[in-house]
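Below you'll find the structure, written out as structure tokens, and then a few comments.
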Ligand code: COA
Ligand code: AMP
């Protein structure tokens, strides 16, 4: 590592400044602002330019920290050991599902990561190769991700709740050299055997990985999946550690698949340089965490929240990250989160509003909460779906802490909008107020744009709307560091899906407005992506499964408001003429098919057989109007509809008002 690295040990990384100054500067002088933040990271070769504007495809494809070289694993692990954090906990794995708590110090983590990188290297993995990781919430998953980063390889983590066909699609798109898996995941009511899912996925996929490394778990060991299986423990026992390989700032660190509007998932590509800088910056300035503190993102490593805030950001900062293998309720009860906070001295907790709604449902008066000493906790951060004001007020009143909504997406990798706890005067630096008087929290809003995000509300023609007017939320290009660099194998698809709707802007896919104080309100997706318990799903993917059933003539899937999960997917199907199978049986078959093809995470349980779908005279399904009905709005009959009676029949299917209405509804 370079001799000229700045010595930041024990020093605050950024001098706390008022939010407005930081934000304004980030837009007026992005090179100056991000150039300073680049010092948070150790480079083997310093960037030649903070933002290379000479590329012909600027600003669609900005090249942050061009010419710079670094290794993300070095920044997340090695340098902390070198700088004296070897004995500090890097990962605390708290697993009520196995009844165990395991701590890995930074020195332990370095040892394991270097050895597993050696295992991968010996299996032929090198810079730029992809490795697919299909693992639950265990420390080995983090080890596998960091080992890829160490070699300059690219990890693709797939969430354990997806079924074999979804896994197969990702194997074919990413073309991994090695698959790293565990033998099982553990859900409260069942063990999820990964071996058969992997075998099924590999039999469906065209691409053949060279090897499969299997971490056997005692709860449910797996038989061999391929002839070339490698046993994790055996390989680790004899592995020679591998060193960090320097990679270019723009080289991919990972590909993470997310749902679009079609059935084909999109592989969001994250670079090494911009990611390391932006995430390190966000950890202290947005989340108000200091090196050495215990931080907990209660999500799953299979999602972007897990990538950014379970794995990379806390480790890049030198904090301790809590890896929780359990649920907010039922493992064993709704006091589980508070038990973990108390036991490990958690200072910041990040989860999805759904989790808090589940806790609120089971412990409305906070009796279980009162049994635990949660005084270490400074802030509760919520993201992944809209934070409804009820949940916000309940959490604020029960915890007596700032409850900070933050809005972002897999594509951006870190918050677009938040109430930055490390920036403004009274917050972050220890004040329990948590946010400054000039930047109060407004229920229903994830507050204000973060540095580098020039958030605009646009009308359909791309015109900028003023305060309180609702439109598409778009981000003026270039996007800041840490956001997606492109889609895997998909520059054109990236431009088409995100950059073509509004010239010079990235379309977030969310609609909303800004108030006169500049606070952003996110009202929901403007496309067919839905959000079920904080999990992003494509209605198009579910429709493709329903449409493949031989009895189905046509179908639509919409997200229906749900008091616990925010939204749930609901299918409406029209049967082919002459089908005699009872509708209830067809509905059961369709539910089972979605579970088999997409996975339990779709939580798909409700299908209605209907006489017709609302369509325009030219045959286009009126999805927006259906979404309105499903959201419990008093949706007028669309003027373009072919048969108004069909619409009235559907209205009768959605009699209940939305349990989580938007503030302006
Ligand atoms: N592997 C395999 N299956 C999984 C899984 C995984 N990693 N995660 C969830 N599933 C399964 C569940 O077992 C369940 O299966 P079932 O139909 O057999 O019961 C199904 O997928 C739906 O799971 P879930 O959405 O978790 O619903 P739930 O009813 O079991 O639990 C909550 C409800 C609110 C407790 C739960 O959704 C939750 O913890 N939400 C927090 C969301 C979150 O952290 N999101 C990340 C974004 S920040
Ligand atoms: P994902 O890519 O899975 O993180 O999902 C991103 C989508 O979730 C966004 O486009 C929003 O629709 C929604 N979302 C995430 N966070 C919030 C939030 N704080 N408020 C409202 N919607 C959110």
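What follows is calculated from the coordinates using simple rules that are stated; it is not laboratory data. Everything quoted here is computed from the prediction, not taken from an experiment. Neighbour counts run over all protein chains shown; Cβ positions are idealised from the backbone, glycine included.
Students often get this wrong: which residues of region 125-139 have the backbone nitrogen under 18 Å from the point 7 angstrom along Cα-to-C-beta of residue 193?
Output list for this probe position: 135-136.
How long are the semi-axes of the equivalent ellipsoid of the chain, defined as square roots of 5 times the Cα gyration tensor eigenvalues? Whole Å, largest first.
That gives 37, 30, 26 Å for the three semi-axes.
What FRET efficiency, computed as 1/(1 + (r/R0)^6) with R0 = 60 Å and r the Cβ-Cβ distance, is obtained for residue 468 and residue 208, rounded to the nearest 0.05?
0.60
If I stretch the segment between residue 500 and residue 645 completely, what's the gain in nm (0.36 nm per residue apart, minus their alpha carbon distance), one decimal?
48.5 nm
Can you tell me which of 92-100, 64-72 comes out highest on packing, and rank the rest after it, using the mean Cβ neighbours within 10 Å?
Per-residue Cβ counts within 10 Å, averaged per peptide and sorted highest first, yield 64-72, 92-100.
Given a Förster distance of 60 Å, report the FRET efficiency between residue 579 and residue 39 from their Cβ-Cβ distance, rounded to the nearest 0.05.
So the FRET efficiency works out to roughly 0.35.
Please report the spacing between the Cα centers of region 362-419 and region 299-346 in Å, no decimals.
Comparing the Cα centres of region 362-419 and region 299-346, I get a distance of 13 Å.
Looking at the square roots a ≥ b ≥ c of the eigenvalues of the Cα gyration tensor of region 533-665, which shape do they give, rounded for a/c under 1.5, prolate if a/b is larger than b/c, or oblate?
Cα axes put region 533-665 in the oblate bin.
Relative contact order for the chain using alpha-carbon pairs under 8 Å, separation at least 6, rounded to a whole percent?
Across the chain, relative contact order equals 12 percent.
Could you tell me the largest-minus-smallest coordinate of the C-alpha atoms of region 455-526 on each of the three principal axes, in descending order and whole angstroms?
The principal-axis extents, from largest down, are 40, 25, 20 Å.
Packing-wise, with mean Cβ within 10 Å as the measure, how do 450-456, 123-129 rank, highest first?
450-456, 123-129
By DSSP, what percent of the beta bridges with both residues in the chain are antiparallel, rounded to the nearest 5?
60 percent
Given the DSSP H assignment, sum -39500 (n - 2.57) over each helix run of at least 4 residues in the chain and divide by its residue total; what's the result at 222 nm in deg cm²/dmol, nearest 500?
Taking each H run of at least 4 residues, the total per residue is -7500 deg cm²/dmol.
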